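The values are calculated or read from the model by the stated rules, or taken from the named source; none is laboratory data. Model, not experiment: these values are computed from the prediction. All Cβ positions, even for glycine, are placed from backbone atoms using ideal geometry, and neighbour counts span all protein chains on display.
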Amino acid sequence: MDVLLTHGYFIAEDAIEQKIMRPYPPLGLLYLSAYLKQENLEVKVFDSTFSTYEELQKVVLNAKPKVIAIYANLMTKVNNIRFMKWIKTQPELQDSKVIMGGPDVTYNCDNYLHFGADFLVIGEGEQTLTELSKALICESDFTAISGIAFLEGNNLIQTEARVKIKDMNQLPVPDREAIDLSLYLNAWKEFHGTNTLNISTQRGCPYTCKWCSTAVYGKSYRRRSPELVVQEIKGLIENYKPDSLWFVDDVFTVNHKWLRELHQEFKKHQIVIPFEIITRAERLNDEVLQMLKEMGCSKIWIGAESGSQRIINEMDRRVDIDLVRDMIIRTKEFGIATGTFIMVGYPTETKEDIDLTVNYLKKADPDSFTITVAYPIKGTGLYNQIEDQIIQKPDWNKSTDRDIDFKRTYPRKFYNYAVNHVVNEVNAAKEFKSGKTLKGLKSKSKSIAATVLMKLNS
């Protein structure tokens with residue numbers, strides 16, 4: 001075998017994901033697989049999601065691939081380091097080269113190379129991994145390949161950046177046949193009564209949010225044609241019959257001209273399928289909402305992150321919180337469900353800012369929201385801002401950027417209780433509004449308890 005692709009994520013080790021059970025196929029690996037096969041390389045994808053670490057070891061030993069390419073992100077880093085160390089102890093794999101790629105490698109080159117990677121692919125992987133794999137298989141010179149990093153002795157060598165793929169239409173459709181999609185569809189069906197598949201139409205994001213990583217695609221915007229997107233959707237419907245789709249694009253409605261063309265393609269091919277998207281409030285209006293509704297859009301996640309305009313400005317999100325609130329309300333009036341994202345613990349945030357967030361959520365009344373404590377991903381504007389204020393940074397190989405803590409307005413514990421306060425205060429408002437008085441009282445009591453604990457830890 002030429003190349004084995006894997007990602008080191010095991011759902012059996014993820015207690016949170018086991019509880020919510022919303023797994024998605026690894027699209028990034030499937031794009032790589034399709035591209036490598038197009039270039040006549042022999043490729044196997046080991047999708048570890050529903051498997052085990054032991055099975056991954058067994059497959060690699062049996063295959064003895066010339067290249068072991070591993071996708072790395074925050075969730076998988078520790079497992080990937082363990083896997084790389086193991087590879088280096090196996091005599092049968094002494095000729096296999098380990099290549100790491102993904103968002104976590106760009107700003108951690110030294111660490112990944114010193115912990116076992118032979119090469120890193122920085123940025124988009126299709127062209128770079130293809131060229132590097134061919135060079136390694138043929139034992140030819142690789143030093144002129146763009147977008148890679150490697151060690152020469154103890155010196156880090158990083159070649160010039162790879163130029164991003166301009167024409168997204170040149171990319172083949174993800175190689176979904178390389179893995180068992182029924183595992184994902186069945187898991188969704190069992191836990192939720194309905195299933196879904198993910199699809200990507202866009203790479204890059206032109207916006208400037210400080211906390212968001214642009215390590216792979218940068219602040220770019222590139223998109224596949226509506227015609228090809230609809231072809232892929234038709235293939236998914238015919239081959240896998242999903243109940244719905246999840247568009248993973250950062251800002252689905254960023255380009256209204258593209259969306260109008262996609263809307264026409266849906267009508268032309270008589271496609272109506274429920275789907276969810278993420279977008280920004282200022283890229284929605286009545287025309288856009290009507291098109292999305294006609295296409296089958298069932299839920300729109302509209303980014304906010306905070307209910308405090310001051311904190312939104314600190315994040316460089318460049319959006320008006322009143323517009324976000326109004327657009328959530330307007331989306332619901334179109335009969336489309338809504339979701340939003342919230343983080344607490346951003347630099348300079350105060351209790352008053354958190355109160356504003358609670359009020360925003362009560363007024364906007366999204367159907368759902370996610371909430372987390374802000375954490376600095378290396379390479380982002382947020383990380384650069386707080387780097388000299390870090391107060392906790394565990395060993396790199398045993399932790400992730402989520403474990404980094406920095407000097408905030410209040411101690412870290414305060415924000416754990418703040419999460420409980422926000423969730424329960426907003427839930428109480430929803431429950432009282434819907435006549436669920438007993439549930440509302442329970443949520444309200446939890447909110448009050450969390451508020452007391454916030455005060456004790458402030």
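Some observations on this one:
- Qualifying residue in segment 126-141 (condition: farther than 25 Å from Asp167 by Cβ, part of a loop (DSSP other than H, G, I, E, B) and touching a residue at least 12 places away in the same chain (Cβ under 8 Å)): no
- Filtering segment 204-229 to residues that are surrounded by fewer than 19 Cβ atoms within 10 Å (Cβ to Cβ) and farther than 25 Å from Ala304 by Cα leaves Ser225, Glu227, Leu228.
- Of the listed requirements (1) farther than 16 Å from Lys66 by Cα; (2) out of contact with any Pro (no Cβ under 8 Å at 6 or more places or on another chain), Met84 misses just one: (1).
- Any hit, segment 301-316, residues being of a type in the set (Asp, Glu), within 21 Å of the chain's Cα centre (by Cα) and assigned to a loop (DSSP other than H, G, I, E, B): yes
- Failed criterion for Ser306 (all others in (1) buried (at least 17 other Cβ atoms within 10 Å of the Cβ); (2) at pLDDT below 95 hold): (2)
- Among the residues of segment 381-421, those identified as touching a Leu at 6+ places or on another chain (Cβ under 7 Å) and buried (at least 16 other Cβ atoms within 10 Å of the Cβ) are Thr400, Asp401, Tyr417.
- Odd one out for Ser146, checked against (1) touching a Lys or Arg at 6+ places or on another chain (Cβ under 8 Å); (2) free of Cβ contacts under 8 Å to residues at least 24 places away in the same chain; (3) not assigned by TED's automatic domain parsing to the domain that holds Ile81: (3)
- Candidate set from segment 164-188 (those that are surrounded by 14 or more Cβ atoms within 10 Å (Cβ to Cβ) and of a type in the set (Lys, Arg)); member that is farthest from Phe46 (Cα to Cα): Lys164
- Residue match in segment 426-436 (condition: crowded, with 18+ Cβ neighbours inside 10 Å and within 28 Å of the chain's Cα centre (by Cα)): yes
- The set of residues in segment 333-370 that are within 24 Å of Met454 (Cα to Cα), among the hydroxyl-bearing types (Ser, Thr, Tyr) and not in a helix (DSSP H, G or I) comprises Thr340, Tyr346, Thr348, Thr350, Ser368, Thr370.
- Scanning segment 407-458 for residues that are of a type in the set (Gly, Ala, Ser) and free of Cβ contacts under 8 Å to residues at least 60 places away in the same chain gives Ala428, Ser434, Gly435, Gly440, Ser443, Ser445, Ser447, Ala449, Ala450.
Residue-by-condition table, conditions (1) acidic (Asp, Glu); (2) under 24 Å from Asp243 (Cα atoms); (3) within 19 Å of the chain's Cα centre (by Cα); (4) surrounded by fewer than 17 Cβ atoms within 10 Å (Cβ to Cβ):
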residue	(1), (2), (3), (4)
Arg280	no, no, yes, no
Leu292	no, yes, no, no
Met295	no, yes, no, no
Val319	no, no, no, no
Val358	no, no, no, no
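- A search for C-beta distances below 8 Å between a residue of segment 16-41 that is over 17 Å from Val248 (Cα atoms) and any residue that is among the hydroxyl-bearing types (Ser, Thr, Tyr) and modelled with pLDDT of 95 or more, counting only pairs 6+ apart in sequence or on different chains, returns Tyr35/Thr130; Leu36/Thr130; Leu36/Ser133; Glu39/Thr130; Leu41/Thr130; Leu41/Ser133.
- Here Gln18 fits the description: farther than 24 Å from Cys109 by Cα, of a type outside the set (Phe, Trp, Tyr) and modelled with pLDDT under 95.
- Any hit, segment 91-111, residues being of a type in the set (Ser, Thr, Tyr), in a loop (DSSP other than H, G, I, E, B) and in contact with a strand residue (DSSP E or B) (Cβ under 7 Å, 6 or more places away or on another chain): yes
- Answer residue from segment 142-179, given it is out of contact with any helix residue (DSSP H, G or I) (no Cβ under 7 Å at 6 or more places or on another chain) and part of a helix (DSSP H, G or I) and is farthest from Glu131 (Cα to Cα) among those: Glu177
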